[in-house]
Amino acid sequence: ERITQDTLYWRGYKTPVQIKEFGAVNKIDFSPVPPYNYAVTASSRIHIYGRYSQEPIKTFSRFWHAAYSATYRDDGRLLAAGSEDGSISLFDVSGKAPLRQFEGHTKPVHLVGFLSDKYRIFSGGDDYSSNLWDIPSATEIISYSEHTDYVRCGCASKVNTDVFITGSYDHTVKLFDARTKSSVMTIEHGHPVESVLLFPSGGLLVSAGGRYVKVWDVLKGGQLLVSLKNHHKTVTCLCLNSSGQRLLSGSLDRHVKIYSTTSYRVVHSFNYATSILSLALSPEDETIVVGMTNGVLNVKHRKPEEKNEDSHKKRQPAYRTYVRGRTYMPKQEDFCVSKPVKRVLRKYDKLLRSFQSSKALDAVLEPPIMLHTPEVTVAVMQELHRRGTLRSALAGRDEKQVNLLLTFVARRVIEPRFTPVLVTVADMLTDIYQPVVGQSAIVDKQFLKLQQAIGKEIDCQEELLEVLGMMDTLFATFTKKRDTRLEENKSNGVTEIIETNRNF
């Protein structure tokens with residue numbers, strides 16, 4: 001098999017998820033609005049599934065007999081379905097009980113759909129009739145009895161709100177206009193018609209029946225364009241992808257064929273375990289759902305597309321690669337080899353090693369270091385002073401840098417651990433930038449702040465010295481009193497002992 005773009009695209013679905021229904025799945029219909037839930041009609045129930053749910057998120061089971069052809073309205077809020085007893089039920093997706101019941105068919109109704117105006121329903125039954133119903137009043141508008149066998153499939157035009165199409169086991173496809181009392185076009189398919197499909201443009205019609213899929217030009221009066229015979233058994237269902245460029249057909253031969261709508265050649269094929277009755281593709285082609293005769297629902301999801309940007313990037317080692325062996329406890333017979341830990345130098349350390357004193361001082365005057373780790377800044381200043389290069393590092397700075405230095409010194413000079421170093425820095429700054437005092441209001445303001453900070457600190461030191469002098473005097477007086485009391489106690493004790501001895 002040749003590997004084409006279509007092959008790669010349609011192979012891009014994950015392994016299918018299989019869900020067991022109560023009976024053969026006769027219809028699958030996706031909601032046209034997000035999150036694109038889909039309705040599955042099987043046996044006497046209609047199950048609503050979420051895109052990734054494997055259990056129904058909602059169930060409509062108000063049917064006495066088998067249900068058929070549950071179909072969403074264009075806004076995704078209403079759901080219509082036929083029944084074995086000939087009635088048509090209209091449901092609100094958010095409710096449970098039917099909103100409307102349409103009675104008029106005398107035999108099972110296998111075809112139900114909405115006209116594009118959203119206010120009318122068309123239906124087809126085994127009583128050979130095709131009816132049109134009004135939703136608000138729940139009444140029959142018109143009934144067409146032109147088919148001579150079961151009416152099993154149909155679709156509505158999205159371009160014209162009055163046009164709908166039905167297909168019958170009498171080998172014909174009829175186009176009806178609600179404004180007329182009879183069909184406006186009849187197409188001979190040649191086999192019992194199982195499914196019909198109208199392209200979104202409304203110009204092309206596809207019919208399936210027997211082993212044939214036929215494409216007709218409606219605008220040319222139903223002219224046959226192409227007849228496809230790629231299945232080995234009866235074709236049961238048709239659908240289009242979201243772009244309208246690929247046509248999908250399912251058959252009792254267990255295959256789904258995918259055709260190009262430009263060349264009408266088979267571009268890909270899916271193989272299933274059992275005969276296929278229904279087929280649906282989500283509006284974004286993200287999910288393909290197939291219903292089979294044994295009651296199994298086969299759901300395939302498209303794999304997420306890989307981003308091209310990530311594929312070009314070099315894959316980094318996983319976290320476990322870095323921590324591998326960190327918690328390993330050596331055994332008794334193991335021989336441990338210690339590996340020296342590589343030390344990563346900071347920016348200021350590298351600059352100090354290369355004797356760039358001015359840049360090293362700039363590196364530690366950055367706000368994160370000055371605010372959170374001021375001891376690093378002071379340590380670099382101390383190292384520069386030890387090397388004898390602090391004066392040259394402080395000199396030659398502009399107004400902004402001098403302002404930054406003076407702000408740091410004025411704020412930290414009163415801290416005892418920084419005072420010895422920062423007093424030296426303050427002296428050097430005063431000596432270096434004394435000639436420019438009066439030329440910058442910002443620098444002058446910082447010098448005044450530094451003077452005030454040092455003045456306050458000196459006043460505090462003087463007051464502390466006075467307090468210490470007072471406390472020394474008090475401590476001295478306390479010591480003398482304690483000594484005299486001890487001497488008195490000692491003298492009293494000796495006299496008492498002598499007096500007692502004399503008594504004896």
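In the list Val380, Val423, Val402, which residue meets the criterion of being in contact (Cβ under 8 Å) with a residue 40 or more places away in the chain and in the same structural domain as Lys445 (by the TED database)?
Numbers: Val380 fails: in contact (Cβ under 8 Å) with a residue 40 or more places away in the chain; Val423 fails: in contact (Cβ under 8 Å) with a residue 40 or more places away in the chain.
Checking each option against the conditions leaves just Val402.
Any residue in region 181-192 that is assigned by the TED database to the domain that holds Asp217 sitting within a Cβ distance under 9 Å of a residue that is among the aromatic types (Phe, Trp, Tyr) and open to solvent by 50 Å² or more (accessible area, probe 1.4 Å)? List the pairs, counting only those 6 or more apart or interchain.
His189/Tyr212; Gly190/Tyr212; His191/Tyr212; Pro192/Tyr150; Pro192/Tyr169
Return the only residue of Ser61, Ser53 being without any contact (Cβ under 8 Å) to a residue 24 or more places away in the chain, among the polar types (S, T, N, Q), open to solvent by 50 Å² or more (accessible area, probe 1.4 Å) and on the phi < 0 side of the Ramachandran plot.
Unique residue meeting the criteria: Ser61.
Take region 126-142 and flag every residue that is in contact with a Phe, Trp or Tyr (Cβ under 8 Å, 6 or more places away or on another chain) and under 15 Å from Ser168 (Cα atoms).
Of everything in region 126-142, those that are in contact with a Phe, Trp or Tyr (Cβ under 8 Å, 6 or more places away or on another chain) and under 15 Å from Ser168 (Cα atoms) turn out to be Asp126, Tyr128, Ser129, Ser130, Asn131.
Out of Thr389, Thr377, Thr424, I need the residue that is surrounded by fewer than 16 Cβ atoms within 10 Å (Cβ to Cβ) and either within 18 Å of Val443 (Cα to Cα) or of a type outside the set (A, V, I, L, M, F, W, C) (or both). Which one?
On the way: Thr389 fails: surrounded by fewer than 16 Cβ atoms within 10 Å (Cβ to Cβ); Thr377 fails: surrounded by fewer than 16 Cβ atoms within 10 Å (Cβ to Cβ).
Matching residue, one of Thr389, Thr377, Thr424: Thr424.
Restricting to region 382-412, and then to whatever is in contact with a helix residue (DSSP H, G or I) (Cβ under 9 Å, 6 or more places away or on another chain) and among the basic types (Lys, Arg), can you tell me which residue is farthest from Thr424 (Cα to Cα)?
Here the answer is Lys400.
Only one of (1) under 30 Å from Glu286 (Cβ atoms); (2) out of contact with any strand residue (DSSP E or B) (no Cβ under 8 Å at 6 or more places or on another chain) is not met by Asp85, so which one is it?
Of the numbered conditions (1) under 30 Å from Glu286 (Cβ atoms); (2) out of contact with any strand residue (DSSP E or B) (no Cβ under 8 Å at 6 or more places or on another chain), the odd one out for Asp85 is (1).
Would you be able to say whether some residue in region 274-286 is in the same structural domain as Ser53 (by the TED database), modelled with pLDDT of 90 or more and over 28 Å from Val33 (Cα atoms)?
Among the residues of region 274-286, at least one is in the same structural domain as Ser53 (by the TED database), modelled with pLDDT of 90 or more and over 28 Å from Val33 (Cα atoms), which makes the answer yes.
Could you identify the single residue in Ile258, Ile276 that is among the hydrophobic types (A, V, I, L, M, F, W, C) and over 33 Å from the mean Cα position of the chain (by Cα)?
Of the residues listed, the single one that is among the hydrophobic types (A, V, I, L, M, F, W, C) and over 33 Å from the mean Cα position of the chain (by Cα) is Ile276.
Tally time: how many residues in region 132-172 are open to solvent by less than 30 Å² (accessible area, probe 1.4 Å), more than 48 Å from the chain's Cα centre (by Cα) and polar (S, T, N, Q)?
1
Please return the ranges of strands (runs of 3 or more DSSP E) entirely within region 190-282 where 3 or more residues are open to solvent by less than 20 Å² (accessible area, probe 1.4 Å).
The strands (runs of 3 or more DSSP E) meeting that bar are 204-209, 212-217, 235-240, 246-251, 255-260, 276-281.
Looking at Ser123, Ser116, can you tell me which residue is under 18 Å from Leu197 (Cα atoms), among the small types (Gly, Ala, Ser) and either open to solvent by 40 Å² or more (accessible area, probe 1.4 Å) or part of a strand (DSSP E or B) (or both)? Step through it out loud before you land on a result.
On the way: Ser116 fails: either open to solvent by 40 Å² or more (accessible area, probe 1.4 Å) or part of a strand (DSSP E or B) (or both).
Answer to the check: Ser123.
Would you confirm whether any residue within region 102-109 is under 41 Å from the mean Cα position of the chain (by Cα), surrounded by 19 or more Cβ atoms within 10 Å (Cβ to Cβ) and in the same structural domain as Pro32 (by the TED database)?
From region 102-109, those under 41 Å from the mean Cα position of the chain (by Cα) are none; that's our starting set.
Taking every residue of region 102-109 in turn, none turns out to be under 41 Å from the mean Cα position of the chain (by Cα), surrounded by 19 or more Cβ atoms within 10 Å (Cβ to Cβ) and in the same structural domain as Pro32 (by the TED database).
Within the set of pairs 6+ apart or on separate chains, which have a first residue in region 249-267 that is in the same structural domain as Gly295 (by the TED database) and in contact (Cβ under 8 Å) with a residue 12 or more places away in the chain, a second that is among the aromatic types (Phe, Trp, Tyr) and open to solvent by 10 Å² or more (accessible area, probe 1.4 Å), and C-beta atoms under 6 Å apart?
Cβ pairs passing all conditions: Arg254/Tyr272; Val256/Phe270.
I'd like to verify a number: residues in region 398-418 that are closer than 17 Å to Ala379 by Cα and of a type in the set (Asp, Glu), how many?
1
So that you can scan it fast, the table gives a plain yes or no per residue for (1) part of a strand (DSSP E or B); (2) under 34 Å from the mean Cα position of the chain (by Cα):
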residue: Tyr52; (1), (2): no, yes
residue: Pro56; (1), (2): no, yes
residue: Thr59; (1), (2): yes, yes
residue: Arg62; (1), (2): no, no
residue: Ser69; (1), (2): yes, no
residue: Ser89; (1), (2): yes, no
residue: Leu99; (1), (2): yes, no
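Check whether at least one residue in region 84-97 is without any contact (Cβ under 8 Å) to a residue 24 or more places away in the chain, acidic (Asp, Glu) and surrounded by fewer than 19 Cβ atoms within 10 Å (Cβ to Cβ), and report yes or no.
Within region 84-97, one or more residues are without any contact (Cβ under 8 Å) to a residue 24 or more places away in the chain, acidic (Asp, Glu) and surrounded by fewer than 19 Cβ atoms within 10 Å (Cβ to Cβ).
All but one of (1) among the charged types (D, E, K, R); (2) touching a Ser or Thr at 6+ places or on another chain (Cβ under 7 Å); (3) closer than 20 Å to Ala42 by Cα hold for Glu146, so report the exception by its number.
(3)
Considering region 340-372 alone, what residues qualify as being of a type in the set (Val, Ile, Thr) and either at pLDDT 90 or above or in contact with a helix residue (DSSP H, G or I) (Cβ under 7 Å, 6 or more places away or on another chain) (or both)?
Selection gives Val364, Ile369.
All but one of (1) free of Cβ contacts under 8 Å to residues at least 12 places away in the same chain; (2) acidic (Asp, Glu); (3) surrounded by 12 or more Cβ atoms within 10 Å (Cβ to Cβ) hold for Asp334; state the number of the condition that does not hold.
(3)
I need a count of the residues in region 45-68 that are more than 21 Å from His301 (Cα to Cα) and modelled with pLDDT under 90.
Counting residues in region 45-68 that are more than 21 Å from His301 (Cα to Cα) and modelled with pLDDT under 90 gives 5.
The values are calculated or read from the model by the stated rules, or taken from the named source; none is laboratory data. Everything numeric here is computed off the predicted structure, so don't read it as measured data. For neighbour counting, all protein chains shown are included, and Cβ atoms are generated from backbone atoms with ideal geometry for every residue, glycine included. What goes into the accessible areas is simple: the full protein's heavy atoms, side chains included, and nothing from ligands, DNA or RNA. Shrake-Rupley method; radii C 1.70, N 1.55, O 1.52, S 1.80 Å.
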